[in-house]
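Undergrad: Structure incoming, see below.
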Amino acid sequence: YTQGVFVSGARTWREALDCSREVVRHRWVPTLLNTIVFQAIAIVPGPIIGFLLMVWLHLTPTVANLVSSLIYAVAVPFATIGLTLYYIEERKNPYHKVTPSVPSLPGDGQPDLIAGTDEMGTLHA
């Protein structure tokens, strides 16, 4: 979840790992399964389609590799976006115990511990 934590306001990699650990606590199996699915969606189609292009259309390996690379370049950002959205949903989970070490998301009704704003977005010095 480090990408999602950085999107929601973590400033250092240690802070991002701490926040991620708090969100995943006691929910690591669904998190692992979602991570595997999103990464498989990102990684698997490119090589399979490249192989099929070489076998069925008799394309050169260079052209098949180019097509595979383009598919990979399009799919990986979607996987990262999907995992980030899953993190945001887990962060809003009402059954998840929120601790002060986890920064809040804008508009989730909790004070923003990083940016210094309240739930309405008003900046406090």
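Each value in this text was obtained by applying a stated rule to the coordinates, not by laboratory testing. A quick note: this is a predicted structure, and the numbers were derived from the prediction, not measured. Here the Cβ positions follow ideal geometry from the backbone for every residue, glycine too, while neighbour counts run over all protein chains shown.
Undergrad: Measure off 7 Å from each Cα along the Cα-to-Cβ vector at ARG14 and LEU59, then give the distance between these two points in nanometres to one decimal.
TA: 4.7
Undergrad: How far, in nm, would the chain grow between VAL44 and ILE88 when pulled straight, counting 0.36 nm per residue and subtracting the alpha carbon separation? Before the final figure, lay out the partial values.
TA: Details: separation 44, 0.36 × 44 = 15.84 nm, distance 2.52 nm.
Full-extension gain reported as 13.3 nm.
Undergrad: Give, in nm to one decimal, the length gained when the segment between PHE78 and TRP28 is fully stretched (0.36 nm per residue of separation minus the Cα-Cα distance).
TA: 15.8 nm
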